[in-house]
Amino acid sequence: MRGAKLFGMLRPCSHSAEKHGIDPAEWQAHMCGLCVGLRDGHGQLARAATNTDAIVLSMLTEAQLGGSKQRSTAGPCALRGMRRASVVGADSPGVQLASTASLLLGSAKIRDHIDDGDGSVLTRAPMAKVSSRWADRARAQAELIGFDVEPLVAAIDSQATVEARAGQPERAAESVTGAVSLDDLTEPAQLCAAEFFAHTAVLAQRPENAEPLRVAGRNFGRIAHLFDAVEDLDDDLAHDRFNPLAATETSIADSYDLLRQYNSELNEAIADIRLDQVPTVRWMLLDPLAGLVRRVGHAGGAIRCGSSSHYPQYPGQNPYPPYGRPPERKPSLLEGIGLLLGQYPTGYACCADHRRPCSGKRKEAWRKRVDFCNCCDCCDCGGDLCCD
């Protein structure tokens, strides 16, 4: 498997932000704040480590702090159509924690690509240097916010050994036998997410929130690793890479049941946390996770889609919606670059998986199909099942 996407699966729907009474620009404020924080603290190359799931750490910290939000003005950026933006301050505790997570997990992902033999042989040495540099930067950043990152580094390093025990001895120096469960394979992801989530309570000086956040983070790690395994299953099998589902003979339908269980436990843990910005947490964390669970349900046949043109009914075809038709307004050159890189300028309403912009127009046909339109305001987004 091409490295667990521990941080990179959350995409809140900008249309549902209005339902929660939230400015959709809040997502961009956290994302751009993280990007600027990585640049200011670790250099331009570190901005490549920016990922969407680390943003939840910044958001959770801010949601517990209360009071006024810490914002600064970022200069023009191509990914925002060369517009300035109000972003979370690079020196805010949440951004510093998110930077630590981005660098640490970015380092692990690069190393995993190297282990999988991805890319040219000539690029592996430079990639290894970047991975090592980011790991060192993550340690230095963690020290500034009083976060012990060494247990997380050890857990990430143990992933290859656990996978070896699951039936891929070539991933480790020695062959280790023994049955390994799916929970064992996701343990490093669980530990990392649990400790990152719990530390948001430390930074916000809300110690009573630490334990429920740790539980929420552990389930977040399970969901992240398992969803990544579902997404990569066909590609991993085609290229003879390790995949937790194949190693443990877990079906897509079983994965869906597990994801539902983990998501339910995460929601229960979040309900026990004292938060000052509950709607923001729901919009940026809970709703996108629910959308991911539904996507796996569609893929496994547990949820039937209202339109056969989006979710193919026979094996071997992509179980996720196609990109669909382009937005009604053509993007400018700079906005087009942003779209290609996965970043969407303000003015483009993007749905749960951000695979494409949607028009934002309501469709009467979808509004009537309430049984299929409960993901992230599919009825409001318009288009063809743009949310998930």
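The values are calculated or read from the model by the stated rules, or taken from the named source; none is laboratory data. Note that the structure is a prediction, hence the values are computed from the model and not measured. Note: ideal-geometry Cβ built from the backbone for every residue, glycine included; neighbour counts use all protein chains shown.
Observations on the structure shown:
- Condition met for Asp228 (among the acidic types (Asp, Glu) and within 15 Å of the chain's Cα centre (by Cα)): yes
- Residue under evaluation Leu60, criteria (1) over 20 Å from the mean Cα position of the chain (by Cα); (2) modelled with pLDDT of 90 or more; (3) not hydroxyl-bearing (Ser, Thr, Tyr), criterion not met: (1)
- Residues in segment 30-45 that are in contact (Cβ under 8 Å) with a residue 24 or more places away in the chain, of a type in the set (Gly, Ala, Ser) and surrounded by fewer than 23 Cβ atoms within 10 Å (Cβ to Cβ): Gly41 only.
- Only one of Tyr348, Tyr314 that is at pLDDT below 50 and surrounded by fewer than 18 Cβ atoms within 10 Å (Cβ to Cβ): Tyr314
- Total residues in segment 11-64, condition touching a Gly at 6+ places or on another chain (Cβ under 8 Å) and closer than 16 Å to Val278 by Cβ: 4
- Hey, Leu258 in contact (Cβ under 8 Å) with a residue 12 or more places away in the chain, assigned to a helix (DSSP H, G or I), among the aliphatic types (A, V, I, L, M) and buried (at least 20 other Cβ atoms within 10 Å of the Cβ) or not: no
- Reported count of residues in segment 58-93, each being buried (at least 22 other Cβ atoms within 10 Å of the Cβ), out of contact with any Lys or Arg (no Cβ under 9 Å at 6 or more places or on another chain) and more than 14 Å from Cys35 (Cβ to Cβ), is 5.
Every residue, every condition in (1) in contact with a helix residue (DSSP H, G or I) (Cβ under 6 Å, 6 or more places away or on another chain); (2) surrounded by fewer than 24 Cβ atoms within 10 Å (Cβ to Cβ); (3) within 22 Å of Trp27 (Cβ to Cβ), yes or no:
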| site | (1), (2), (3) |
| --- | --- |
| Arg206 | yes, yes, no |
| Ala238 | no, yes, no |
| Ile273 | yes, yes, yes |
| Val278 | no, yes, yes |
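- Verdict on Arg11 being under 18 Å from the mean Cα position of the chain (by Cα), more than 14 Å from Asp53 (Cβ to Cβ) and either part of a loop (DSSP other than H, G, I, E, B) or at pLDDT below 85 (or both): no
- Residue identified as touching an Asp or Glu at 6+ places or on another chain (Cβ under 6 Å) and modelled with pLDDT under 90 among Gly43, Gly94, Gly89, Gly81: Gly81
- Per the listing Asp228, Asp235, Asp240, the residue uniquely assigned to a helix (DSSP H, G or I) and over 18 Å from Ala189 (Cα atoms) is Asp235.
So that you can scan it fast, the table gives a plain yes or no per residue for (1) modelled with pLDDT under 90; (2) over 17 Å from Ala54 (Cβ atoms):
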site: Ala179; (1), (2): yes, yes
site: Glu187; (1), (2): no, yes
site: Ala198; (1), (2): no, no
site: Pro207; (1), (2): no, yes
site: Glu211; (1), (2): no, yes
site: His225; (1), (2): no, no
site: Asp254; (1), (2): no, yes
site: Leu258; (1), (2): no, yes
